[in-house]
Structure formats: C-alpha cells, structure tokens
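Participant: Sharing a structure, written as structure tokens. Questions coming.
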Amino acid sequence: MTELEKQIQNFFSVNEDDLIKIRSYFKPLTLKKGDFFLKAGTYSDKLGFVEQGMVREFVYIDGKEVTKWISTRGYFMVDLASFLFLQTARWNIQALTDCELYVIHKKDYEQIGQIVPKWTELEKLFIAKCFTVLEDRIIQHIALTAEERYNQLFTFNKELFNQVPLQYLASMLGMTPETLSRIRKKTLGKTS
C-alpha cells in the first residue's frame, strides 16, 4: 500500500473498492529539487500528495519570502482557494528535494463524486480537517512563545531541522533566523 493509499484510508475511511477507484485518479509525478509544482499568479488545476521528498509552500510579501508550510511524506499540497474557487494562486509550491508525488487534476477530482457516492461527505471532512490544522497553527502563533513553537515543531518533525534551510523553518515558525538560531543553541546546550 502506498503512503497515498494509507492517507486516503486515514482521512476518508473508505472501503477497498472506493480506495482503488479514488487512487486510480492520482498519477505519479517526479519533481527535481528546485522545480515548482505551482507558481503564485497562475491557476491551480491540480492537488498533489508527497510520497517521497519535501516541498515548501511560500509567498512573497514586500519582497520577502514567507514560508507557510513544508510538506513531507504523507501530506497533501494545494493552493486550496485557487483549486476550489478558480482564483489565481497566492502560494508558490516548490520542491526542496527531489520528490515523488501523486497528482490529481481538477477535472478528475470532480469526477470522483460520480463514482464514489460518499465523496461529497468525505470531501467536507477533508476540508474541515485542513481548516482545523490551520486553526491550530493560528493558535500556536498567537498563544505560544517562539521557543514553544520551535520545541513543538522539533518534537513533531525532527528531520526537518537537518534537511531544510533554517531561514525557511524560521519563517514557518514566525520568527527571524537569528531568533531560531538562538533558540537552537539554547536547546542544544540543555541536551549536552
């Protein structure tokens, strides 16, 4: 079973027949490090899933890159507003490493409802899950200190700290690279 199939099973709790039908719409795609899956200002006609590798979602604000998220194995990636509402994309989605993805195009995504009767209900659950993740991130940025946010991400996904440039992690955590460096140094000092 691919990671994609596991995640579809986890998100949607579908039976084996529906899983096979849904999975058949996702096609493999390879991105090389530095390749873009999506560029801001274009239209998103596809939703991706990271089977292997890492992908960064970011935006330029006042000439500065702001990282929203770094997707690793097992994560979906999309500019949701562009994909669902045909707006121009706000987010750039770029491979940080060589990546193996599964991709579903919008026209295929829209056909799933015709072959999987429960799809509308499942799609609502998926979007609600995306929304709750976003709410959790907002609460973290409002309620937690920079050090608490660092510790939480480090506990949740340690490998990011060895594989992703620190300025991207700092941006994603809502802090400067200098603050991240200071927190790392302090945290590493505690463990030695």
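Participant: In region 128-192, what GluC sites (Glu not before Pro) fall in a loop by DSSP, with at most 11 other Cβ atoms inside 10 Å?
Facilitator: Here the GluC sites (Glu not before Pro) that fit, given the DSSP loop and packing criteria, are Glu159.
Participant: Next question, about the same structure. What is the extension gain from Tyr75 to Glu135, computed as 0.36 nm multiplied by their sequence separation minus the C-alpha to C-alpha distance, in nm to one decimal?
Facilitator: Between Tyr75 and Glu135, full extension yields 19.9 nm more.
Participant: Comparing Thr179, Thr155, Thr72, which has the greatest mean-square fluctuation in the GNM of the chain with Cα pairs linked when under 10 Å apart?
Facilitator: Thr155
Participant: Considering Cα pairs under 8 angstrom that are at least six residues apart, work out the relative contact order of region 3-118 and quote it in whole percent.
Facilitator: Rounded, it is 38 percent for region 3-118.
Participant: What residue among Ala95, Ala143, Ala40 shows peak mean-square fluctuation when the chain is described by a Gaussian network model with Cα springs under 10 Å?
Facilitator: Residue with maximal mean-square fluctuation among Ala95, Ala143, Ala40: Ala143.
Participant: Take the residue pairs Lys27/Lys64; Lys32/Lys185; Lys6/Lys186; Lys6/Lys107 and return only those whose Cα atoms are more than 29 Å apart.
Facilitator: Lys27/Lys64; Lys32/Lys185; Lys6/Lys186
Participant: Helix-only estimate, please: 222 nm mean residue ellipticity of the chain, summing -39500 (n - 2.57) across DSSP H runs of length 4 or more and dividing by its residues, to the nearest 500.
Facilitator: So the helix-based figure for the chain works out to -15000 deg cm²/dmol.
No lab work stands behind these numbers, since they all come straight from the coordinates. Please read these numbers as outputs of a predicted model, since none were measured by experiment. In this analysis, Cβ positions are derived from the backbone assuming ideal geometry, glycine residues included, and neighbour counts consider all displayed protein chains.
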